[in-house]
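Written below as structure tokens is the structure these notes are about.
The values are calculated or read from the model by the stated rules, or taken from the named source; none is laboratory data. Please read all numbers here as calculations on a predicted model, not as lab measurements. Here Cβ is always computed from backbone atoms with ideal geometry, including for glycine, and neighbour counts include all displayed protein chains.
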């Protein structure tokens, strides 16, 4: 697959849907030149939500647990969990509950380096510290500390795949191959054509 055909998964989470930000979020990705290849409006089951977070396998539980425990230490707090695995299990349960709390919009976007481009437009995981101009930085204010106080996931509007490999695995959870549409978008002639042939009459 060429760079211009790279695909990534984006999910507008329940808080993004409830805040009526669907159109604004889609607009951000469209405006940069990405092409929408698939879209669904669904309520995920807890099982699908868990499968989504576990695309990285059991190692994900350890890694996310270590990261979360380190965040507690950085704040000067003691982690309420005895091991990274236990902490990872708690993060998984919170994330799955959050993702399956209501309707979501699952999308596949395609274009040059789509994974990293979508991540840049979306912003950092914690909305409070996301840059102004990103979706999370502009449209929400949640923080890790506020989420930890309520023992919940941080409400950051969107999920965006982290790597091309992760995107491939996640897309397979949310979409069947026949649900992804291959088509020509006129704007691609301007974005990717070498000589801009066809502009002049």
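A few comments on the model shown:
- Residue-level analysis places residue 9 among those that are surrounded by 16 or more Cβ atoms within 10 Å (Cβ to Cβ) and in a strand (DSSP E or B).
Residue-by-condition table, conditions (1) touching a helix residue (DSSP H, G or I) at 6+ places or on another chain (Cβ under 7 Å); (2) assigned by TED's automatic domain parsing to the domain that holds residue 175:
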{"residue": "2", "(1), (2)": "no, yes"}
{"residue": "13", "(1), (2)": "yes, yes"}
{"residue": "21", "(1), (2)": "yes, yes"}
{"residue": "50", "(1), (2)": "yes, no"}
{"residue": "65", "(1), (2)": "yes, no"}
{"residue": "89", "(1), (2)": "yes, no"}
{"residue": "93", "(1), (2)": "no, no"}
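- The numbered conditions (1) assigned to a loop (DSSP other than H, G, I, E, B); (2) closer than 18 Å to residue 29 by Cβ; (3) out of contact with any strand residue (DSSP E or B) (no Cβ under 7 Å at 6 or more places or on another chain) are all true for residue 185 except (3).
- Scanning the stretch 35-48 for residues that are closer than 21 Å to residue 119 by Cβ and in contact with a helix residue (DSSP H, G or I) (Cβ under 6 Å, 6 or more places away or on another chain) gives a single hit, 38.
- Among residues of the stretch 148-167 being within 18 Å of the chain's Cα centre (by Cα) and free of Cβ contacts under 8 Å to residues at least 40 places away in the same chain, the one that is nearest to residue 123 (Cα to Cα) is 154.
- Of the residues 173, 199, the single one that is assigned to a helix (DSSP H, G or I) and on the phi < 0 side of the Ramachandran plot is 173.
- When the stretch 164-189 is filtered for residues that are within 13 Å of residue 37 (Cα to Cα) and out of contact with any helix residue (DSSP H, G or I) (no Cβ under 8 Å at 6 or more places or on another chain), the ones remaining, listed by number, are 171, 175, 176, 177, 178, 179, 181, 182, 183, 184, 185.
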